[in-house]
Each structure stands twice: as C-alpha cells, then as structure tokens.
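This report concerns only the one structure given below.
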Amino acid sequence: MKYTFPEHFWWGSASSALQTEGQSQQGGKSATTWDHWYASQPYRFHQQVGPQDTSTFYENWRQDIALLKQLNHNSFRTSLSWSRLIPDGVGEVNPEAVAFYNSVIDELLAQGITPFITLFHFDMPMVMQEKGGWENREVVEAFSRYAKICFDLFGNRVLHWFTFNEPIVPVEGGYLYDFHYPNVVDFKRAATVAYHTVLAHASAVRAYRAGHYAGEIGIVLNLTPSYPRSNNPADLTAAHHADLLFNRSFLDPVLLGEYPADLVALLKKYDQLPACLPEDSALIADGKIDLLGINYYQPRRVKCRDSAVNPASPFMPEWLFDYYEMPGRKMNPYRGWEIYEPGIYDILTNLRINYGNPRCFISENGMGVENEQRFIENGQINDQYRIEFVSGHLKWLHKGIQEGCHCLGYHMWTFIDNWSWCNGYKNRYGFVQLDLASQTRTIKHSGEWFAATAANNGFSEEQ
Ligand code: BGP
C-alpha cells in the first residue's frame, strides 16, 4: 500500500528557542522563568541539565539548517525568544537578537525551507513574570507589543505566524500540576492565566490584521482527544468535562471566537471564573485564526470518579473525572504516554465535522526514548520504533485527508535531540542524534526514512 499526500504538503519538524539556542543569558538576552527556576532548584531538572546546555543553535544555526535541508524539510517551525528580542520585556529591541533571527530566517529561505514562527513557547521573560506573568492583564499588552515588533521586523519574510505553542501547558505546569515555574497549585489562578493568554493571543491577531502583513496567523494547540471508559452516561460526562477544560478552553475561542457555554457554566458552578471586562468578548471574537497547528502525542482516557469529592479540598479538574488506564493500551514507557495512532484521525474528523473543517497541519508528533545509544548499529541509531511511530500516525492522517480533512502538513517533534524542560535530555526525540558533550550531530535511521518520505511526498509499506 502506498500513502501519497496532497501536493505542496508541508514536511518538516518543530523546535523552540529555549530548547535549542543555548546561550540562554548571552547575546543581550535576559533570563526566562526557566533560567530563574534552574538557578534556584537545579535538582528539579533531570541530571541537573539546565537551559544553558542545549544544542547550541545560537552558534550552529547554519550547520543545523544544512541538516534540515539534508532531511528534505520544505518547512520548519521554531520560536522567537521574547527575552532575547526585548530583554526588559517592554522596552528597547536588542540588535544582536534581530541580527540572529534575520540570519536564521534568511538562511532557511535560501535553502528553500519555509519558516513557521511561534512567538511564545513556554519561555516567559523573568522580568514579566515578576510583574505577575499571565496573571497580570498588563502582560497581555506587553505581549501584543512584542508580537507587533516581530511582525514589523520579520513579517515581510515570515508568512506563517503562531502566537502560542500549547498555551494550556504553562497553565497546567505553572498553576495546577507543578512542572513549570511559578509552581502554583490554584485552579482560579490557572483559569485567569488561561484567560489572559487567550486575550494576549487575540490582541496579537488584531495587531496582525491591522498591519496588513503578507502572511497568515494561527496558534498551535496540543489537542488530547478525551475518550470515555464506556458509553455509561457518567463516563461520557467525565469525558465531556475533560474535553471542555483541556481542549475546548482554547480551541473554541481561536476557531469560533467564543468560549463554549458549557465551560463558562461549569466554571461558574464551582466559582472559578476569571475576572472579565465588557470589551473582552469583542476582542476574543477578533482572535479567530487562519491556520491551526495541532500537536498530538497522546489521548486522554477518563471515567467517572470512583469516590466522592472532598468538598473541603480546593477545586481541581480531577473533581470532574478520574483517569482511566485502558487494558492493553500501547505505551511509550520512557515518557509514560500512551501511543494511540487513530487519535490523530479523530482530532481531524472532529475539526471537520464540528468546526467547519479549518486549515490545519500537524505541528508536532513524536516519540521520546531514553538511552538510544543501545540501538547504535554501525555508528548510527537504528530507531525502527520511531519509524513505526511516524508511519503509524501518517496512515491515520492520510485516511483523514482522504475523507476531506483540511490538513496541510506534518511536522515532527523534533529535528535534533533537544532539551525537554524538566526532563533535560532524558528522552530523545530527534531525527538527528546529539552528543551533548562534543555537540556532534549524527542522522538517525528515522531521519533518513523521513527524508525519503518527504522527497516522495509519501511512503509505501515496504519503504
Ligand atoms: C510539547 C512541547 C515541546 C516538547 C514536546 C515533548 O508539549 O511543545 O516543547 O518538549 O512536547 O515533550 P517533553 O519534552 O515534555 O517530553
């Protein structure tokens, strides 16, 4: 069987500034929340590797772009660093940062690789966090100023912009589950952060529309389809609530221009609604996007709660559902994430049926594996499991496209093994192996497979 994709399909990968650039406090850059957190609690990071020890893209960008070319990428997403570009968050632009990002963008274009640029990928400048981060409405203004500066500087060459990468992750990590700074656990503060992020997104979209730039603007969301344990109505309600909180809290505003009424009612019922201003609904309506990036790693399986909630405990999402471990599920044991290929098809089908079939692409999908050196054969990592992972997802993606889903590309997480936040370099995701100490780069077997797939605009079972 041969799987051929539509003409001009985007084949590429994604990465982010903080996870690859290195030089995390040089070149005029100020600290992010990650530098600050690492300085105070290095033991929270796998093998105490922090954001300064990454794959050195800041110095080796030309070599890395040559590798992208070798992998037959026609497109590549990375992010700009707010703290590198505007070190104090709200003031002067750093000329060294402008020169660096100009070089990267120009070199990508020279190599025939279309740059996709994200404005914010988990890396809040510490100066802005000190003002309250996304809890403070003023940060919304500061973000849209930063966005406009980026559009003005690079918008003549960057035609695909994304305001945020996975905006729910800093909400979950920083304000609910303690895996991002500032390590708060408080649902109402989390809801405020999420709400202000949506406002910041919409303000940036407004600025983009007002400036009549040449390209298009979107957002990248990690969509985790919510599957109920069974068709028991209690399980269905649990899945609906998880979907409202973790998917539709961002998906509806950016595609439909408003929040789901059920979500508003749910938060109201538990007294968790953030403060709103009358003009907000018009702003949110203006935040509708041109292009949706979908990051898909794993499904979310839930069931109704087995026990009653302790009403004296603070409200948390888990008041509304329990997690469900489906018997026989296939796991990536290193990351602890279920591998469920049909999820990619279910996401696309949901978008086609319930959201008017928006223009979208898979902006991340990937598999992090520990200790990949054990798979080295003749000097190269033979990561057959990654080829199976990618081809398994691409088959379901292909089916979705055959049925009419408007999916324009597939980007893998990620190009080169990179720094995974608190997990440091524990799980490796790259098409290219990175030896951290020597900074040597070696293409893995999956990288060669992907290069052939991109060149053929598809793959056959035997490839
Ligand atoms: C996504 C992020 C990436 C990346 C990836 C892998 O959520 O957009 O930044 O890190 O997941 O996850 P992790 O690094 O946590 O293993």
Per residue Cα convex hull volume in Å³ - calculated over region 273-357: 184
Antiparallel DSSP beta bridges within the chain, as percent of all bridges there, nearest 5: 30
Region 212-350: translational diffusion in µm²/s, Stokes-Einstein, Kirkwood Rh over Cα pairs, 4 °C, 1.567 mPa s: 77
Once the Cα gyration tensor of the chain is diagonalised, semi-axes √(5λ) in Å: 31, 28, 23
Cα pair count fraction exceeding 20 Å, expressed as % - region 1-110: 49
Isotropic mean projected area of the C-alpha convex hull, region 406-463 (nm²): 5.5
DSSP bridge orientation in region 1-159 - percent antiparallel, rounded to nearest 5: 10
Ranked list, fewest to most other Cβ atoms within 10 Å of each Cβ, for SER281, SER391, SER75: SER281, SER391, SER75
Footprinting exposure proxy for LYS29, LYS395, LYS2, LYS131 (fewest neighbouring C-beta atoms within 10 Å first): LYS2, LYS131, LYS395, LYS29
Relative intensity, log₁₀ I(q)/I(0), of region 148-225 from a Debye sum that treats every alpha carbon as a point, q = 0.20, 0.23, 0.26 Å⁻¹: -0.86, -0.98, -1.11
Highest-first arrangement of 318-325, 247-254, where packing means the average Cβ count within 10 Å: 247-254, 318-325
Hydrodynamic radius by Kirkwood, which averages 1/r over all alpha carbon pairs of region 75-116, in angstrom: 11.0
Mean shadow area of region 82-152 over all directions, Cα convex hull, nm²: 4.8
Taking LEU397, LEU159, LEU153, LEU221 and counting other C-beta atoms within 10 Å, the order from fewest to most: LEU159, LEU153, LEU397, LEU221
Kirkwood hydrodynamic radius of region 108-202, from inverse mean 1/r over distinct Cα pairs, in Å: 14.2
Values of log10 I(q)/I(0), in the order q = 0.31 Å⁻¹, for region 142-191 under a Debye, Cα-only, solvent-free model: -1.05
Over 32 Å between alpha carbons, listed pairs LYS69/LYS148; LYS69/LYS131; LYS131/LYS268; LYS268/LYS399; LYS69/LYS399: LYS69/LYS131; LYS268/LYS399
Debye intensity ratio I(q)/I(0), log10, region 50-191, q values 0.11, 0.14, 0.15, 0.22 Å⁻¹ (C-alpha model): -0.46, -0.73, -0.82, -1.40
Rounded to whole Å, sorted largest first: equivalent-ellipsoid semi-axes of region 338-463, Cα gyration tensor: 29, 16, 12
Convex hull of region 51-109 built on C-alpha atoms - directionally averaged projected area, nm²: 4.6
For ALA14, net neighbour charge (Lys/Arg +1, Asp/Glu -1) across residues whose Cβ lies under 9 Å away: 0
Reach of LYS330 by Cα under 20 Å, taken over lysines that are not fewer than 8 positions away in the same chain: LYS303, LYS395
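Read-outs throughout are calculated quantities, based only on the coordinates presented, and are distinct from any laboratory measurement. Keep in mind that what you see is a predicted model, and the values were worked out from it rather than measured. We place every Cβ from the backbone using ideal geometry, glycine too, and count neighbours over all the protein chains shown.
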